[in-house]
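The values are calculated or read from the model by the stated rules, or taken from the named source; none is laboratory data. Just so you know, these numbers come straight off a predicted model, no measurement behind them. Here the Cβ positions follow ideal geometry from the backbone for every residue, glycine too, while neighbour counts run over all protein chains shown. Accessible surface areas use protein heavy atoms only, side chains included; no ligands, DNA or RNA. Shrake-Rupley method; radii C 1.70, N 1.55, O 1.52, S 1.80 Å.
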Amino acid sequence: MSEVIATTPLPSSVPPDEVLRRIQGPGPRYTSYPTADRFADRFRAPELKAALWAWHVASEAVCAPLSVYVHIPFCESLCYYCACNKVITRHHERAAPYLEALDHEVALVVEQIGPCRSVSQLHLGGGSPTFLSDDELTELMGILRLNFFLTPDAELSIEVDPRTVDAKRLAHLRELGFNRLSLGIQDFDPAVQKAVHREQPFELVRDLMTAARALGFASINVDLIYGLPRQTPESFHRTIGQVATLRPDRIALYAYAHLPTRFKPQRRIEGADLPEGPQRVAMLADALSALRADGYDYIGMDHFALPGDALAIAKREGRLHRNFQGYSTQPDCDLVGLGVSAIGRIGDCFYQNAKTLPAYYAALEAGRLPVERGHRLDADDRVRRDIIMALMCQGRVDFADILARDGVDMRTAFADELVRLAPFAAEGLVELHGDGIRVTSSGWYVVRAIAMVFDRYLQQQHADRERFSRVV
Ligand code: SF4
């Protein structure tokens with residue numbers, strides 16, 4: 001263990017502007033490899049059924065616990081920066097048929113994997129899971145507890161829209177067994193909140209966090225976004241300061257990507273209100289210094305945690321993992337995704353459910369698992385996944401580990417990729433050794449750009465684009 005602690009690089013200073021500019025560039029977040037945009041529609045219900053059944057047969061001897069994700073798509077009001085799969089509605093009666101459909105979907109899954117399989121992680125995301133009333137949340141947890149065995153030490157987490165809960169509702173979530181909360185803050189500045197149509201005063205969040213702590217929630221995560229309309233380096237500095245006083249256990253600091261042609265809600269954001277490149281870099285640099293000064297450890301990509309948080313400890317001990325919810329302390333469990341657009345992974349298969357409610361309901365009414373697309377990993381995917389996840393989680397790849405795990409000698413099989421890492425090495429972002437690759441402390445901030453070098457699909461896409469432009 002000491003060897004890993006000694007060699008796991010922790011950022012010693014804020015990276016140079018050039019590195020910060022790269023963080024803001026587009027690129028996959030590698031919550032999976034291959035990434036979800038590579039899933040194909042030839043993977044449907046029969047393929048998922050077969051994968052679930054194979055898991056059932058293989059896992060009986062092992063008793064491996066599952067992870068479960070439930071997507072609740074409804075939100076009462078639209079945040080203009082939103083890029084999630086959601087349904088905006090004030091009609092709360094829409095929740096009842098959705099719960100019925102979820103019940104049906106769970107039954108179809110359990111038909112394949114068997115009843116009461118152990119679950120060590122449950123996450124309710126959305127949309128806004130707290131769109132559901134207390135009774136509906138009770139009903140949902142009843143469905144899940146009836147069909148799965150939630151282990152006594154399971155991590156039960158839920159995304160909470162601060163505008164939809166109060167201390168009483170938090171107490172109800174605690175009674176239902178939830179022990180982790182994720183709160184969407186984004187920014188505390190009133191002008192920014194108005195510009196993104198998400199108004200939630202600092203005092204509201206502060207009081208909720210105080211109540212959550214008193215109720216014994218083990219971990220509170222908050223999400224922040226920089227690059228939003230009306231944000232300035234000064235206003236975001238104030239927000240970071242306010243957040244630091246709340247001492248959330250974990251902080252996710254995302255960059256806003258303005259893609260109005262792809263995400264319709266973003267068309268309501270005035271382009272002229274958006275901070276320009278240098279301001280974004282200043283916000284990011286300032287946030288990184290402030291979080292470090294406030295005692296937060298850098299976990300990776302855009303995640304920070306207090307040193308005593310399980311994620312920070314796992315990072316120091318080289319036990320960090322990554323799944324569709326981001327960084328995790330638990331080994332990569334098989335994941336059952338439930339609900340519209342939910343993503344899952346069973347064995348070597350990734351899958352995603354139908355993205356619209358009509359398609360999701362129609363599949364279930366026809367008695368079919370509502371899966372719409374997926375991907376079965378081949379041998380090449382598996383080794384690249386192992387390399388990418390080692391980079392993203394440990395910041396290092398040991399050639400001997402890959403040889404032992406995948407039977408592949410990276411020095412020869414990935415000679416081209418190692419050459420492509422040379423410019424990163426020249427900039428001090430990675431170190432290339434005879435026995436492996438190490439991400440440096442500055443390199444941690446661009447770790448997804450480093451991982452992209454090993455993404456066959458992305459490299460193929462670049463090659464095709466180049467070939468295409470040459471042909472044209
Ligand atoms: S950001 Fe969250 S709460 Fe806002 S519309 Fe999107 S899914 Fe709903």
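Observations, loosely collected:
- Condition check for Ile269: within 16 Å of the ligand (Cβ to nearest atom), buried (at least 17 other Cβ atoms within 10 Å of the Cβ) and over 30 Å from Gly374 (Cα atoms): yes
- Odd one out for His92, checked against (1) in contact (Cβ under 8 Å) with a residue 24 or more places away in the chain; (2) open to solvent by less than 30 Å² (accessible area, probe 1.4 Å); (3) within 16 Å of the ligand (Cβ to nearest atom): (2)
This table checks each residue for (1) open to solvent by less than 10 Å² (accessible area, probe 1.4 Å); (2) among the hydrophobic types (A, V, I, L, M, F, W, C); (3) closer than 22 Å to Leu156 by Cα.
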{"site": "Ala255", "(1), (2), (3)": "no, yes, no"}
{"site": "Asp302", "(1), (2), (3)": "no, no, no"}
{"site": "Gln325", "(1), (2), (3)": "no, no, yes"}
{"site": "Leu338", "(1), (2), (3)": "yes, yes, yes"}
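- Output for region 70-86, where each listed residue is of a type in the set (A, V, I, L, M) and either more than 9 Å from the ligand (Cβ to nearest atom) or open to solvent by 50 Å² or more (accessible area, probe 1.4 Å) (or both): Val70, Ile72, Ala83
- One residue alone among Arg262, Arg250 is under 19 Å from the mean Cα position of the chain (by Cα) and of a type in the set (D, E, K, R), and that residue is Arg250.
- Answer residue from region 373-394, given it is basic (Lys, Arg) and assigned to a helix (DSSP H, G or I) and is least open to solvent (accessible area, probe 1.4 Å) among those: Arg384
- Among the residues making up region 314-372, those that are on the phi > 0 side of the Ramachandran plot and either at pLDDT below 95 or not in a loop (DSSP other than H, G, I, E, B) (or both) are Gly318, Gly326, Gly347.
- Qualifying residues in region 95-125 (those that are closer than 18 Å to Arg174 by Cβ and within 16 Å of the ligand (Cβ to nearest atom)) - the one least open to solvent (accessible area, probe 1.4 Å): Leu124
- Among residues of region 386-414, those that are of a type in the set (Val, Ile, Thr) and under 27 Å from Ser441 (Cβ atoms), counted: 4
- Of the helices (runs of 4 or more DSSP H) that lie entirely inside region 395-467, those containing 2 or more residues that are surrounded by fewer than 20 Cβ atoms within 10 Å (Cβ to Cβ) and in contact with an Asp or Glu (Cβ under 9 Å, 6 or more places away or on another chain) span 399-406.
- Residue match in region 169-182 (condition: touching a helix residue (DSSP H, G or I) at 6+ places or on another chain (Cβ under 9 Å), within 13 Å of the ligand (Cβ to nearest atom) and under 27 Å from Gln330 (Cβ atoms)): no
To keep it simple, each residue is scored yes or no on (1) out of contact with any strand residue (DSSP E or B) (no Cβ under 8 Å at 6 or more places or on another chain); (2) modelled with pLDDT of 90 or more; (3) in a loop (DSSP other than H, G, I, E, B).
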{"position": "Pro15", "(1), (2), (3)": "yes, no, yes"}
{"position": "Val19", "(1), (2), (3)": "yes, no, no"}
{"position": "Arg22", "(1), (2), (3)": "yes, no, no"}
{"position": "Gly25", "(1), (2), (3)": "yes, no, yes"}
{"position": "Pro34", "(1), (2), (3)": "no, yes, yes"}
{"position": "Trp53", "(1), (2), (3)": "yes, yes, no"}
{"position": "Val57", "(1), (2), (3)": "yes, no, no"}
{"position": "Ala61", "(1), (2), (3)": "yes, no, yes"}
{"position": "Ala64", "(1), (2), (3)": "no, no, yes"}
